[in-house]
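Enquirer: Have a look at this one.
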Amino acid sequence: MNMRLFRVLFGFFWFVGGVGNPLFSSERISCEPLEEEASWSVCLQDGLDSLLQDELLLTSQLGLCVYDLTDDTLLYAYQAKQRMRPASTEKLVTAVAALSELGSDYRFATRLFYTGEIRGRVLHGDLYVVGGFDPCFGKEDLLSFGKALKESDVDSITGRLYADVSMKDTLQWGWGWCWDDDMPVLTPLLYGKKNIFIRTFSEVLHGLGIRHVFGGQARCPQNGVLLAGRTRQLADVLHPMMKESDNLCAEALFYQLAARTGKPYASRKEAMYYIERLIGRLGYDPGKYIVADGSGVSLYNYLTPELEIAFLRYAYRDEAVFSPLYISLPIAGVDGTLKKRMRKGKAYGNVRAKTGTLEGVSTLAGYARSGNNHLLAFCIMNQGVERVAAAQDFQDKVCEWLCR
């Protein structure tokens, strides 16, 4: 049988039947522009085959999967079923699950409630700030809370100022995070991405001449009266999460899923419920993967290139998910974490993908526009690498082939 035909057929049966990994020829060839789609796919496969001879793979591991979304066809798979650490490409899983479950119109909310009544410029009751884990909550937002009190003619509070942080559990770091990671504290009340909300709010109130005493943490009673609220669009969090790989934004979105259960002090397990449910809907066994956090920082995360491709395919089929996801991804040679990569060649401007980096790990997953105008989904996972730069160079070469 013709070797190229054998490789294409073997790859097809691997995808539909779960049979091992495809066998690939190591022959290096030079492909001229070809007119037939079948020839184009064979040329791409041969090009990717040639990259498997890279010295990088003598001492490290690779998982690679490419899917033609336009033709709905698996193009290439190499160790695509291997469980590997996704690093920050985990954010793709978080984003797709959140967009699917919460919707692009979802808003992060931070609210200010009071109990009792306001008489004679005095609040005879308590004040509660209810955190919604808005990672972008800032100065203008906080000033609006102080302004709302002032406009209600409140000069003093007889009760206490409380912080309601019951949206998520009390763990301040993610499961499987390293002790020496420089990571933000995970709390529903943040100011300037730091755990200084109450302290800063107290300073604002003192500056407005509003006398108060902080009473610690407590849940807001159901009879609390809404005094003010600030909301943030999901897209405003998704953009830095994907473009700049902001880990705090990813964890904030992850815990919006957890809070959807309505359970007070929701944990990562509640967020995992929605992600694992989606994995099952995609036809995979959730028990074979580990989703430890929303950002990919945890060393406990284990996914496969095949699964990440499934998430990318799922997003592509749903415009409500695909549109906000696609525009949030870094563009090769243009912006985000890909601004300094693939600044020339076919991949420039034609790859939108999420990068990932941990010690010894480098990953890249997203979408690529090929020379025949097909949209491809791809996932590259390099593990056990000595130099991340070498792995990134390999990934850039893969993308160059995808965009030919």
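The values are calculated or read from the model by the stated rules, or taken from the named source; none is laboratory data. These figures come from a predicted structure and were not determined experimentally. Glycine gets a Cβ as well: all are built from the backbone with ideal geometry, and neighbour counts include every protein chain shown.
Enquirer: Mind telling me which of the residues L92, L161, L99 ends up being in the same structural domain as N223 (by TED's automatic domain parsing), among the aliphatic types (A, V, I, L, M) and touching a residue at least 12 places away in the same chain (Cβ under 8 Å)? I'd like the intermediate steps shown before the answer.
Expert: On the way: L92 fails: in the same structural domain as N223 (by TED's automatic domain parsing); L99 fails: in the same structural domain as N223 (by TED's automatic domain parsing).
Result of the check over L92, L161, L99: L161.
Enquirer: Return yes or no: is V130 more than 23 Å from A292 (Cβ to Cβ), among the hydrophobic types (A, V, I, L, M, F, W, C), in the same structural domain as A228 (by TED's automatic domain parsing) and in contact with an Asp or Glu (Cβ under 9 Å, 6 or more places away or on another chain)? Steps first, please.
Expert: Values: more than 23 Å from A292 (Cβ to Cβ): yes; among the hydrophobic types (A, V, I, L, M, F, W, C): yes; in the same structural domain as A228 (by TED's automatic domain parsing): yes; in contact with an Asp or Glu (Cβ under 9 Å, 6 or more places away or on another chain): yes.
So V130 passes the test.
Enquirer: Also, quick follow-up: Report yes if some residue within the range 396-404 is outside any helix (DSSP H, G or I), at pLDDT below 95 and either closer than 30 Å to S104 by Cβ or more than 21 Å from the chain's Cα centre (by Cα) (or both); otherwise report no. If you could, list the steps in order and put the result at the bottom.
Expert: Filtering the range 396-404 for residues outside any helix (DSSP H, G or I) gives 403-404.
Pick out the ones that are also at pLDDT below 95 and you get 404.
The next check asks that each one be either closer than 30 Å to S104 by Cβ or more than 21 Å from the chain's Cα centre (by Cα) (or both); those that pass are 404.
Yes, the range 396-404 contains at least one residue that is outside any helix (DSSP H, G or I), at pLDDT below 95 and either closer than 30 Å to S104 by Cβ or more than 21 Å from the chain's Cα centre (by Cα) (or both).
Enquirer: Residue by residue through the range 320-352, note down the ones that are touching a helix residue (DSSP H, G or I) at 6+ places or on another chain (Cβ under 7 Å) and without any contact (Cβ under 8 Å) to a residue 40 or more places away in the chain.
Expert: F322, I331, R352
Enquirer: For the range 165-177, check the following and say yes or no: at least one residue is within 17 Å of F145 (Cβ to Cβ) and charged (D, E, K, R).
Expert: no
Enquirer: Another question, then. Being farther than 23 Å from A310 by Cα and either modelled with pLDDT under 95 or not hydrophobic (A, V, I, L, M, F, W, C) (or both): is that true of K340 here? Break it down into steps so the answer makes sense when it comes.
Expert: Numbers: farther than 23 Å from A310 by Cα: yes; either modelled with pLDDT under 95 or not hydrophobic (A, V, I, L, M, F, W, C) (or both): yes.
Yes; evaluated as a whole, the condition is true for this residue.
Enquirer: Restricting to the range 278-302, give me the number of residues that are in a loop (DSSP other than H, G, I, E, B) and within 19 Å of T357 (Cβ to Cβ).
Expert: If we filter the range 278-302 for residues that are in a loop (DSSP other than H, G, I, E, B), which is where we start, we get 282-285, 289, 291-301.
Pick out the ones that are also within 19 Å of T357 (Cβ to Cβ) and you get 291-301.
Going through the range 278-302 one residue at a time, the tally reaches 11.
Enquirer: Additional query: Considering only residues of the range 211-259 that are of a type in the set (A, V, I, L, M) and surrounded by fewer than 17 Cβ atoms within 10 Å (Cβ to Cβ), which is nearest to D181 (Cα to Cα)? Steps first, please.
Expert: We begin by selecting, within the range 211-259, every residue of a type in the set (A, V, I, L, M); these are 213, 218, 225-228, 234-235, 237-238, 241-242, 248, 250, 252-253, 257-259.
Next, only the ones that are surrounded by fewer than 17 Cβ atoms within 10 Å (Cβ to Cβ) stay: 213, 218, 225-226, 235.
Numbers: V213: 35, A218: 30, V225: 40, L226: 38, A235: 27 Å.
Applying the filter and picking the extreme gives A235.
Enquirer: Then there is this: Among R352, R343, which is the only one that is among the basic types (K, R) and outside any strand (DSSP E or B)?
Expert: Details: R352 fails: outside any strand (DSSP E or B).
Within the list R352, R343, the selection yields R343.
Enquirer: Only residues that are of a type outside the set (F, W, Y) and either surrounded by 13 or more Cβ atoms within 10 Å (Cβ to Cβ) or assigned to a strand (DSSP E or B) (or both): list them for the range 193-202, please. Talk me through it step by step, then tell me what you get.
Expert: As a first pass, look at the range 193-202 and keep what is of a type outside the set (F, W, Y): 193-196, 198-200, 202.
If the condition is that a residue be of a type outside the set (F, W, Y) and either surrounded by 13 or more Cβ atoms within 10 Å (Cβ to Cβ) or assigned to a strand (DSSP E or B) (or both), then K193, K194, N195, I196, I198, T200, S202 are the ones that fit.
Enquirer: Sticking with this one: Filter the range 117-145 down to residues that are more than 13 Å from P188 (Cα to Cα), outside any strand (DSSP E or B) and modelled with pLDDT of 95 or more, then give me how many there are.
Expert: Summing the residues that are more than 13 Å from P188 (Cα to Cα), outside any strand (DSSP E or B) and modelled with pLDDT of 95 or more in the range 117-145 gives 10.
Enquirer: Does the range 231-249 contain at least one residue that is among the hydroxyl-bearing types (S, T, Y), more than 25 Å from E306 (Cα to Cα) and not assigned by TED's automatic domain parsing to the domain that holds S166?
Expert: For the range 231-249, residues among the hydroxyl-bearing types (S, T, Y), more than 25 Å from E306 (Cα to Cα) and not assigned by TED's automatic domain parsing to the domain that holds S166: absent.
Enquirer: Scan the range 52-105 for residues that are among the β-branched types (V, I, T) and part of a loop (DSSP other than H, G, I, E, B) and report the count.
Expert: So the first thing to find is which residues in the range 52-105 are among the β-branched types (V, I, T), and the list is 59, 66, 70, 73, 89, 93-94, 96.
Next cut, part of a loop (DSSP other than H, G, I, E, B) only: 59, 70.
Adding up the residues that qualify gives 2.
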